[in-house]
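Notes follow the structure.
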Amino acid sequence: MSSRLQDKVAIVTAAGQGIGRATALAFAAEGARVVATDIDPTLLTRLAQECPALVTAPLDVTDDAAVAALAGRYPHADVLFNCAGYVHHGSILDCSAEQLAFCYDLNVTSMYRTIRAWLPGMLERGRGSIINMASV
């Protein structure tokens, strides 16, 4: 790796598995100070055991207060990588209105929450990157 992210702070949501996990590990390998978040503390423990260089923090991205609290702890993010998401299995006919509302909250509104939490600091410093990931 090339240390392209040396001394940068990267917040990664849903870092416990899949794309979020791979991203957290790649950012750490590039020299970033990674704050790896996930709703599942067991997954974060496994990730921290594999890569002790990163910091883990449990986070429910559907909780406004939890997002604000984490942004208060790590206000100077250089990279925000939004990866939390959920896909309902089945057709639209199998999906209830409540399930659709949950999907929208986790897949879209959570990005709004995290961007609103970290973007002001990025604008103030005149730098930063926000990456919104979606996958099925």
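The values are calculated or read from the model by the stated rules, or taken from the named source; none is laboratory data. Worth saying up front: this structure is predicted, and the values here are computed from it rather than measured. So basically every Cβ, Gly included, is an ideal-geometry build from the backbone, and we count neighbours across all protein chains shown. Surface accessibility is based on the protein's heavy atoms, side chains included, excluding ligands, DNA and RNA. Shrake-Rupley method; radii C 1.70, N 1.55, O 1.52, S 1.80 Å.
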Name the residue that is farthest from residue 117 (Cα to Cα), counting only residues in region 1-51 that are of a type in the set (Lys, Arg) and free of Cβ contacts under 8 Å to residues at least 40 places away in the same chain.
46
Take the residues of region 73-93 that are out of contact with any helix residue (DSSP H, G or I) (no Cβ under 9 Å at 6 or more places or on another chain) and not in a loop (DSSP other than H, G, I, E, B): which is farthest from residue 14 (Cα to Cα)?
93
Residue under evaluation residue 48, criteria (1) assigned to a loop (DSSP other than H, G, I, E, B); (2) open to solvent by 20 Å² or more (accessible area, probe 1.4 Å); (3) under 17 Å from residue 9 (Cα atoms), criterion not met
(1)
Residues of region 9-19 satisfying the condition of being surrounded by 24 or more Cβ atoms within 10 Å (Cβ to Cβ) and within 20 Å of residue 122 (Cβ to Cβ):
10, 11, 12, 13, 15
Restricting to region 67-110, what's the tally of residues that are over 16 Å from residue 37 (Cβ atoms) and of a type in the set (A, V, I, L, M, F, W, C)?
10
Which of (1) under 19 Å from residue 27 (Cβ atoms); (2) outside any loop (DSSP other than H, G, I, E, B) is the odd one out, the single condition residue 68 does not satisfy?
(1)
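Yes or no, residue by residue, for (1) modelled with pLDDT of 95 or more; (2) loosely packed, with under 13 Cβ neighbours inside 10 Å:
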{"residue": "37", "(1), (2)": "yes, no"}
{"residue": "63", "(1), (2)": "yes, no"}
{"residue": "70", "(1), (2)": "yes, no"}
{"residue": "81", "(1), (2)": "yes, no"}
{"residue": "85", "(1), (2)": "no, no"}
{"residue": "91", "(1), (2)": "no, yes"}
{"residue": "100", "(1), (2)": "no, yes"}
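Could you tell me whether residue 54 is out of contact with any helix residue (DSSP H, G or I) (no Cβ under 7 Å at 6 or more places or on another chain), crowded, with 21+ Cβ neighbours inside 10 Å, among the hydrophobic types (A, V, I, L, M, F, W, C) and without any contact (Cβ under 8 Å) to a residue 40 or more places away in the chain? So that I can check it myself, show each step before the final result.
On the way: out of contact with any helix residue (DSSP H, G or I) (no Cβ under 7 Å at 6 or more places or on another chain): no; crowded, with 21+ Cβ neighbours inside 10 Å: yes; among the hydrophobic types (A, V, I, L, M, F, W, C): yes; without any contact (Cβ under 8 Å) to a residue 40 or more places away in the chain: yes.
In short, no.
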